[in-house]
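See structure below.
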Amino acid sequence: MTNQLLFERQTIRLSCNVSGWPTPSVSWTKNGEDVVPSARINVTGHELLIAQAAVSDSGIYQCLAENIAGHVALTARVHVELPGIMTLFVTLR
């Protein structure tokens, strides 16, 4: 997954590109809390889509893929800004 910088009302699209056998189950969190699907938030397969992004959608998103062989977590930082405001987006390593 890659970090994203977006403006309000854009679509957040995060993909959890994992594979394994048996096929791993995927769950999503934002800032450590489960992501709950809604009219704006859709989880399809290994993809998380958030329509009409708001500043409050900013945060650390994580997908957790697991099966009987183990688990792996992928993380991305999402930052949503108001139109007309631009900040420097720095990747932390």
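Points worth noting:
- Within segment 1-47, the set of residues being among the aromatic types (F, W, Y) and under 23 Å from I68 (Cα atoms) comprises W21, W28.
- Residues located in segment 6-27, provided they are of a type in the set (A, V, I, L, M, F, W, C), surrounded by 14 or more Cβ atoms within 10 Å (Cβ to Cβ) and farther than 27 Å from G84 by Cβ: C16, V18, V26
- Any chance A76 is modelled with pLDDT of 95 or more and over 11 Å from the mean Cα position of the chain (by Cα): no
- Flag for I60 being under 11 Å from the mean Cα position of the chain (by Cα) and of a type in the set (V, I, T): yes
- Qualifying residue in segment 21-40 (condition: in a strand (DSSP E or B) and over 13 Å from the mean Cα position of the chain (by Cα)): yes
- Residues of segment 27-62 that are touching a residue at least 40 places away in the same chain (Cβ under 8 Å) and either farther than 12 Å from A76 by Cβ or of a type in the set (S, T, N, Q) (or both): A51, Q52, A53, A54, V55, D57.
- Residues in segment 28-41 that are out of contact with any Cys (no Cβ under 7 Å at 6 or more places or on another chain) and surrounded by 15 or more Cβ atoms within 10 Å (Cβ to Cβ): T29, K30, V35, I41.
- Inside segment 41-57, residues that are polar (S, T, N, Q) and either within 13 Å of the chain's Cα centre (by Cα) or assigned to a strand (DSSP E or B) (or both) make up a count of 2.
- Within segment 47-57, the set of residues being touching a strand residue (DSSP E or B) at 6+ places or on another chain (Cβ under 6 Å) and surrounded by fewer than 17 Cβ atoms within 10 Å (Cβ to Cβ) comprises E47, L49, V55.
- Count - residues of segment 63-79 that are free of Cβ contacts under 8 Å to residues at least 12 places away in the same chain and either within 16 Å of V36 (Cβ to Cβ) or in contact with a His (Cβ under 7 Å, 6 or more places away or on another chain) (or both): 0
- Selection from segment 9-20 of residues that are among the small types (G, A, S) and over 12 Å from the mean Cα position of the chain (by Cα): S19, G20
The values are calculated or read from the model by the stated rules, or taken from the named source; none is laboratory data. Remember, predicted model here, so these are calculated numbers, not experimental data. Using ideal geometry, Cβ is built from the backbone for each residue, glycine included, and neighbour counts are taken over all protein chains shown.
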